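Engineer: Below is the structure I would like to discuss, written out as structure tokens.
What follows draws every value from the coordinates through simple rules; no lab data is involved. Everything numeric in this text was worked out from a predicted model, so none of it was measured. Glycine gets a Cβ as well: all are built from the backbone with ideal geometry, and neighbour counts include every protein chain shown.
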Amino acid sequence: MKAIAAAPGKTILVGEHFVVYGEAAVVMAIDRHVEVAVTDREDPSIHVSSNLGFSGIFMDGGYKAEKGGLAGRRILEPIRISAQSVLNALNARCGLDIEVCSSIPTAVGLGSSGALAVATVAAVGKFLGRNLSEEEVLALSTGAEKFVHVTPSGIDQAVSTYGGVIVYSRSGGVSRLRTEMDIPIVIGNTGIQRSTGKLVDSVRAKHRRYPEVMKIIDEAAGRLSEEFIEALKACELARLGELMDIDHGLLSAIGVSSEALNNLVYAARRGGALGAKLTGAGGGGCMIALSTLEDRRRVAEAIRRAGGTPIIAGKEDSGVHSWIS
Ligand code: PMV
């Protein structure tokens with residue numbers, strides 16, 4: 001018997017960084033997934049293999065590398081943490097064979113670790129005969145996200161669990177925003193991995209040096225998120241694009257864009273995008289371009305010619321789901 005779960009990655013449409021200062025962020029699940037398959041194992045160990053080139057066995061608190069050397073332990077540990085949290089919660093004692101197949105690039109802000117944690121929890125739950133509720137999946141995937149991100153807001157897990165579009169703020173928590181509209185995007189990956197923590201620290205340093213100026217930019221970003229939510233509810237694609245352009249300006253103002261990101265943003269706009277901005281922490285990682293369905297290929301080509309790796313994507317309405325094969 002094989003239990004499988006798939007969970008989508010994410011992109012932040014607007015509000016990254018400003019969310020740290022209390023403003024709302026709007027986050028969308030994308031149609032790129034992590035798939036986790038769980039099968040039976042004769043011994044009580046947890047065997048993990050991933051299409052990222054690592055595999056190994058966790059047993060009695062130790063790790064035995066099979067592929068990718070000991071560096072694989074840190075990469076695969078979140079999978080063990082997620083699996084173990086489900087075994088503990090369901091009072092189960094058994095070995096597991098876990099196979100991960102991801103189509104989400106890592107460490108570029110597309111929520112691969114959140115999706116992995118959520119899919120692992122759902123797959124292990126299914127393997128043990130339980131369809132875990134969304135709340136249970138969220139709670140049981142927190143340990144792995146803490147291991148990766150230390151103080152995660154929880155937004156990545158939430159959007160991977162629920163799918164669709166989510167609004168998050170510190171005071172309001174997570175709420176789901178139902179919208180019927182297609183949100184076609186092209187993600188442009190600069191290929192430059194970056195540390196979210198360092199970028200958040202650099203913005204904090206700016207807040208210390210220029211508190212009055214930064215306060216005004218934060219407030220503008222907060223108003224922008226409100227207007228963006230209105231445009232989503234009204235299904236106005238062109239207005240969403242304009243607001244994304246403004247948001248890129250605000251993110252550039254606080255110092256988290258880069259030449260590579262700007263190049264892709266301008267190339268996408270020239271290629272016919274309705275709007276384009278960096279997404280996530282910045283400093284490298286990815287940008288997103290909003291486009292009509294018809295223009296997505298043209299925008300993708302413009303991003304490719306400017307040196308980025310384009311990913312044609314869209315809103316994924318389904319959150320995590322699991323099945324037996
Ligand atoms: O690039 P990501 O997905 O790690 O996005 C980080 C979003 C920030 O607002 C910059 C940080 C945060 O914790 O909200």
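Engineer: Quick one: among G282, G62, G191, which has the greatest mean-square fluctuation in a GNM of the chain with alpha-carbon springs under 10 angstrom?
Structural biologist: Of the options given, G62 has the highest mean-square fluctuation.
Engineer: Also, quick follow-up: So, R0 is 22 Å and r is the distance between the beta-carbons of Y266 and E301; what FRET efficiency does that work out to, to 0.05?
Structural biologist: The value I calculate is 0.90.
Engineer: From the Cα gyration tensor of segment 24-128, with a ≥ b ≥ c the square roots of its eigenvalues, which class applies: rounded if a/c is under 1.5, or else prolate if a/b is larger than b/c, or else oblate?
Structural biologist: Oblate is the answer for segment 24-128, as a/c is 1.5 or above yet b/c matches or exceeds a/b.
Engineer: With springs only between Cα atoms under 10 Å, which of A268, A234, A122 fluctuates most in a Gaussian network model of the chain?
Structural biologist: Of the options given, A234 has the highest mean-square fluctuation.
Engineer: Suppose we keep just the DSSP beta bridges with both residues in the chain; what percent of those would be antiparallel, to 5?
Structural biologist: Taking every DSSP beta bridge with both residues in the chain, the antiparallel ones total about 90 percent.
Engineer: Going by C-beta contacts inside 10 Å, put H207, H47 in order with the fewest on the left.
Structural biologist: The most exposed by this proxy come first: H207, H47.
Engineer: So what is the 222 nm mean residue ellipticity for the chain from helices alone, if each DSSP H run of at least 4 adds -39500 (n - 2.57) and you divide by all residues, rounding to the nearest 500 deg cm²/dmol?
Structural biologist: That comes out to -13000 deg cm²/dmol.
Engineer: I want the local charge near D182. Using Cβ-Cβ distances under 12 Å, sum +1 for each Lys or Arg and -1 for each Asp or Glu among the other residues.
Structural biologist: -3
Engineer: Can you tell me the FRET efficiency between C94 and S175 if r is taken as the Cβ-Cβ distance and R0 is 45 Å, rounded to the nearest 0.05?
Structural biologist: Efficiency for this residue pair is about 0.75.
Engineer: Of all the Cα-Cα pairs you can form in segment 82-239, what percent are over 21 Å apart?
Structural biologist: Result for the distance tail: 59 percent.
Engineer: Report the gain in length on full extension from C235 to R208: 0.36 nm times residue separation, minus Cα-Cα distance, nm rounded to one decimal.
Structural biologist: Full extension of this stretch gives 5.9 nm more.
Engineer: Efficiency by 1/(1 + (r/R0)^6): what FRET value for A253 and A71, r their Cβ-Cβ distance, R0 = 35 Å, to the nearest 0.05?
Structural biologist: My answer for the efficiency is 0.40.
Engineer: Also, I was wondering about something else. Using Cβ contacts closer than 10 Å as the measure, can you line up M214, M28 from fewest to most?
Structural biologist: M214, M28
Engineer: Along its three principal axes, how long is segment 266-325 when you only count alpha carbons? Whole Å, largest extent first please.
Structural biologist: 45, 30, 18
Engineer: Right, next: Of the residues G314, G111, G15, which exhibits the maximal mean-square fluctuation in a Gaussian network model of the chain defined by a 10 Å Cα contact cut-off?
Structural biologist: Taking springs between Cα atoms under 10 Å, the residue moving most is G314.
Engineer: Continuing with this model, one more query. Select from segment 1-91 those GluC sites (Glu not before Pro) which occupy a DSSP coil region and have at most 14 other Cβ atoms within 10 Å, ordered by residue number.
Structural biologist: Answer by residue number: E42.
Engineer: What nm value, rounded to one decimal, do you get for the distance between D182 and S195 when each label is placed 7 Å out toward the C-beta?
Structural biologist: Going by the 7 Å Cα→Cβ label model, 4.1 nm.
Engineer: If you put +1 on each Lys and Arg Cβ and -1 on each Asp and Glu Cβ, how big is the dipole of the chain around its Cα centre, in Debye rounded to 20?
Structural biologist: 720 debye
Engineer: Could I ask something else about it? Tell me, what is a quarter of the convex hull surface for the C-alpha atoms of the chain, in nm² with one decimal?
Structural biologist: Approximately 16.3 nm², given one-decimal rounding.
Engineer: Hey, another quick one. Within the chain, which is the longest segment that contains none of the trypsin sites (Lys or Arg not before Pro) sitting in a DSSP loop with at most 14 other Cβ atoms within 10 Å?
Structural biologist: After excluding every exposed loop site, the longest remaining stretch is 179-325.
Engineer: Okay, moving on. By count of other Cβ within 10 Å, fewest leading, how are I57, I166 ordered?
Structural biologist: Ranked by crowding around the Cβ, least crowded first: I57, I166.
Engineer: What is the distance in Å between the Cα centres of segment 133-181 and segment 206-245?
Structural biologist: After rounding, the separation between the Cα centres reads 21 Å.
Engineer: If the chain between H321 and E242 were fully stretched, how many nm would it gain, using 0.36 nm times the residue separation less the Cα-Cα distance?
Structural biologist: 25.0 nm
Engineer: Further question on the same structure: What is the spin-label model distance, in nm, from L293 to D40 if the labels are put 7 Å beyond Cα along the C-beta direction?
Structural biologist: Inter-label distance under the simple model: 4.5 nm.
Engineer: Projecting each Cα onto the charge dipole of segment 1-136 (Lys/Arg +1, Asp/Glu -1 at the beta carbon, about the Cα centre), which of I46, S102, S133 comes out farthest on the positive side?
Structural biologist: The one lying farthest along the dipole's positive direction is I46.
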